[in-house]
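All of the numbers you see were taken from the coordinates with simple rules; none came from a lab. Since this is a predicted model, take the numbers as computed values, not measurements. Using ideal geometry, Cβ is built from the backbone for each residue, glycine included, and neighbour counts are taken over all protein chains shown.
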Amino acid sequence: MGKAIFGSGEESNKAKEELGDLIKILENELKDKNFFVGDKFGFADMAGNLMAYWMGIVEEASGNIFVTSEKFPIFCNWRNEYVNCSTIKEYLPPRDEILAHFKARFAAAQK
């Protein structure tokens, strides 16, 4: 994801394509389930924390949106289920604070 955000030209395009391929793999595993093991939140979902929670924050902070519900509807549904799941929601750091932190970091990196 770093090369997709910070890379340029061909390097960035290739990284975005690879990221899309990886998300398609996740979508194939999810299919019509809310979570990887079915209707209940499980260990595989927990392992997907980076993709479910942090990726959306980094996308918004950097202004580089890779994942849309039009391109990846199954993944986006899973991501929404994940961040709204009562089992995990109370343990996630405050999104607004994390977003502000990353926006400041991206702004500083562009100077």
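In this simple spin-label approximation, Asn28 and Ser69 carry label points 7 Å from Cα along the Cα→Cβ vector, and these lie 2.6 nm apart.
Seen from a random direction on average, the alpha-carbon convex hull of segment 45-111 projects onto 4.7 square nanometres.
Ordering Gly63, Ser12, Ala109 by the projection of their Cα atoms onto the charge dipole of segment 2-110, which places +1 on the Cβ of Lys and Arg and -1 on the Cβ of Asp and Glu, puts Ala109 at the extreme positive end.
Across segment 1-44, C-alpha contacts under 8 Å between residues 6 or more apart give a mean separation that, scaled by the residue count, equals a relative contact order of 20 percent.
Residues Met46, Met55, ranked from the fewest to the most other C-beta atoms within 10 Å, line up as Met46, Met55. Here the relative contact order of the chain, from alpha carbon pairs under 8 Å that lie six or more residues apart, stands at 25 percent. What residue among Tyr82, Tyr53, Tyr91 has the largest mean-square fluctuation in a Gaussian network model of the chain, using Cα springs under 10 Å? Evaluated over the chain, the most mobile residue of the options is Tyr91.
Here Gln110 and Lys40 are evaluated by their C-beta separation; at R0 = 30 Å the FRET efficiency comes out at 0.10. Taking a straight Cα-Cα cut-off under 24 Å and skipping sequence neighbours fewer than 8 places away in the same chain, the lysines within cross-link reach of Lys71 are Lys3, Lys14, Lys16, Lys24, Lys31, Lys33.
For the chain, the Cβ-based charge dipole about the Cα centre amounts to some 240 debye (Lys, Arg positive; Asp, Glu negative; other atoms uncharged).
Relative to the longest principal axis of the Cα atoms of the chain, the long axis of helix 73-84 makes an angle of roughly 80 degrees. Here segment 66-111 and segment 1-46 have alpha carbon centers that stand 13 Å from each other.
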